[in-house]
1. Mind checking which residues of the stretch 33-49 are assigned to a loop (DSSP other than H, G, I, E, B), within 19 Å of the chain's Cα centre (by Cα) and touching a residue at least 40 places away in the same chain (Cβ under 8 Å)?
2. Of the residues that sit in the stretch 184-219 and are in contact with a Lys or Arg (Cβ under 8 Å, 6 or more places away or on another chain) and of a type outside the set (A, V, I, L, M), which one is most open to solvent (accessible area, probe 1.4 Å)?
3. Quickly run through the stretch 402-415 and pick out the residues that are touching a helix residue (DSSP H, G or I) at 6+ places or on another chain (Cβ under 8 Å), more than 22 Å from S6 (Cβ to Cβ) and buried (at least 16 other Cβ atoms within 10 Å of the Cβ).
4. Could you check the stretch 291-339 and list, in sequence order, the residues that are surrounded by 21 or more Cβ atoms within 10 Å (Cβ to Cβ), under 20 Å from T256 (Cβ atoms) and touching a Gly at 6+ places or on another chain (Cβ under 7 Å)?
5. Listed residues H394, H381; which is closer than 20 Å to I8 by Cβ and either crowded, with 18+ Cβ neighbours inside 10 Å or modelled with pLDDT of 95 or more (or both)?
6. What residue, among those in the stretch 155-183 that are within 16 Å of A144 (Cα to Cα) and of a type in the set (S, T, N, Q), is surrounded by the fewest Cβ atoms within 10 Å (Cβ to Cβ)?
7. Could you tell me whether any residue of the stretch 59-74 is in a loop (DSSP other than H, G, I, E, B), modelled with pLDDT under 95, under 14 Å from the mean Cα position of the chain (by Cα) and farther than 23 Å from K118 by Cα?
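The values are calculated or read from the model by the stated rules, or taken from the named source; none is laboratory data. Not measured: the values here are computed from a predicted model. Neighbour counts are summed over all protein chains in view; Cβ atoms, including those assigned to glycine, are modelled from backbone coordinates with ideal geometry. Ligands, DNA and RNA are excluded from the accessible area calculation, which covers all protein heavy atoms including side chains. Shrake-Rupley method; radii C 1.70, N 1.55, O 1.52, S 1.80 Å.
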Amino acid sequence: MTRRSSGILLHPTSLPSPCGIGDLGAEARAFIDFLHDAGQTLWQTLPVGPTGYGNSPYQSLSAFAGNTLLIDPRALVDEGLLETGDLQLPALSSTNLDFEAARLFKSKSLDRAFRNLKSDRLQSIVSQFEEFCVRTAWWLNDYALFRALKAAQDDREWTAWDRELAFREPRALQHAREQLADEVHAQKFFQFLFFRQWIALRGYARERNVKVVGDLPIFVAHDSADVWAHREYFKLDKDGRPTVVAGVPPDYFSETGQLWGNPLYDWERLRADNFQWWIDRVRWSLELFDLVRVDHFRGFAACWEIPATDVTAQNGEWVDTPGRELFATLKKTLGDLPIIAENLGVITPEVESLGEEFGFPGMRVLQFAFGGDATNDHLPHNHTRETVVYTGTHDNDTTIGWWESLDNNQREYCLQYLASDGSEIDWDMIRVAMASVADTAIIPMQDVLGLASDARMNLPASTTGNWTWRMPFNSIPNELIQRLKVLTEVYGRSAD
């Protein structure tokens, strides 16, 4: 990122759609049109992998697979994989996402499309599918078998499977491939459909001069194809369970810290393989996105290791990680790395120097700016060009919700700083983000729409109500588009 630009943070699941969950179809293209018309050149998403328990995009069943809930079944009708009558839409909320209802509907649609794949008139799709299976076999084979086994094992996590399957005994795996061949093939087909639609959407974004910013979580879920297939790369006991897990110490979001529960990497083992798993992961991400925000960049300098038996994150310790060596290897292998470093939380000089050495811009969040004094790094007058400024992130409240929760001192400082009366605090914050010297500004869609706390995407250290916010249909009036476009032009962030 070498020029001033701006964009919007919105996860595809939050798009409006008659299918109960946002997807990669017509509404996604309409959102790209909105970005183009409003002068925005960036669309930032959350991770797009398949979600497991809790539906968090940061707890994915795979670091490589796509979330099939994002497949647009209406496009499958256009391709002849479904009939119009197959789209028996359930009665779903138009404002909040019901994951289970959406999952049931999408599963039925995808299963029917898979059964229809055998039709002679779909031979061109079959040929493309076969080519996809060959090209992605390096991750797809393990993932499809993992999902088939998980379904056959009553959706239990892999450490609770029959031991010979959990620990990948070759004879047991071969038997499972034969017994579950149809389900394995179906899982591959669903991935083909996801990436077929994703690539088409990326192409449309490029036509409209919009770059897609992806999100790469540093950690993977324990109950994932990655850990099951590569146990050697993680700190696990003899039964495959984590000995230590990831999180962060007490912080802004939680007095007891955040206990994420992800297994931690065995970095020595990864180093012995020249970080090949990470090379594959970053290469794949750069095939899918124009830029990649690396979540919890702090963990590439040191990770907060928490005993797996603990119930809070308080008793962890910082353990050094070989991030500098990893990124040097990635850069040597892949070339320039268009990465944004999520450098929030407890940041040390080592973390800052790591990002600077490799030219990764860090983040500044305006909601963090008004605690403390004028030296706060998140205040706009302390920003530098090589940063990305946000009003808030997916973990923050909306700007209006945040404003309503401030104490009197912070509110008064904020009003003075912004020269505001607080009546349009959301647009005051958007304006100061756009005005920042930071090369890049990203605004959550909830702030553009002026929404309160009930539109919050995630509350860290909580497990209910997260990830379910959806935009209502026809919620972007033309005057809002023009207002955003004017700010973008005034502060030199327009594509023109």
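1. T41, T45, L46, P47, V48
2. Y204
3. Once the filter is applied, which keeps residues that are touching a helix residue (DSSP H, G or I) at 6+ places or on another chain (Cβ under 8 Å), more than 22 Å from S6 (Cβ to Cβ) and buried (at least 16 other Cβ atoms within 10 Å of the Cβ), the stretch 402-415 yields L406, R411.
4. R298, W304, I306, A313, G316
5. H394
6. Restricting to residues being within 16 Å of A144 (Cα to Cα) and of a type in the set (S, T, N, Q), the top hit is Q174.
7. yes
To keep it simple, each residue is scored yes or no on (1) touching an Asp or Glu at 6+ places or on another chain (Cβ under 9 Å); (2) more than 28 Å from L459 (Cβ to Cβ); (3) among the aromatic types (F, W, Y).
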residue	(1), (2), (3)
Y58	yes, no, yes
A63	yes, no, no
L87	no, yes, no
D98	no, no, no
R115	no, yes, no
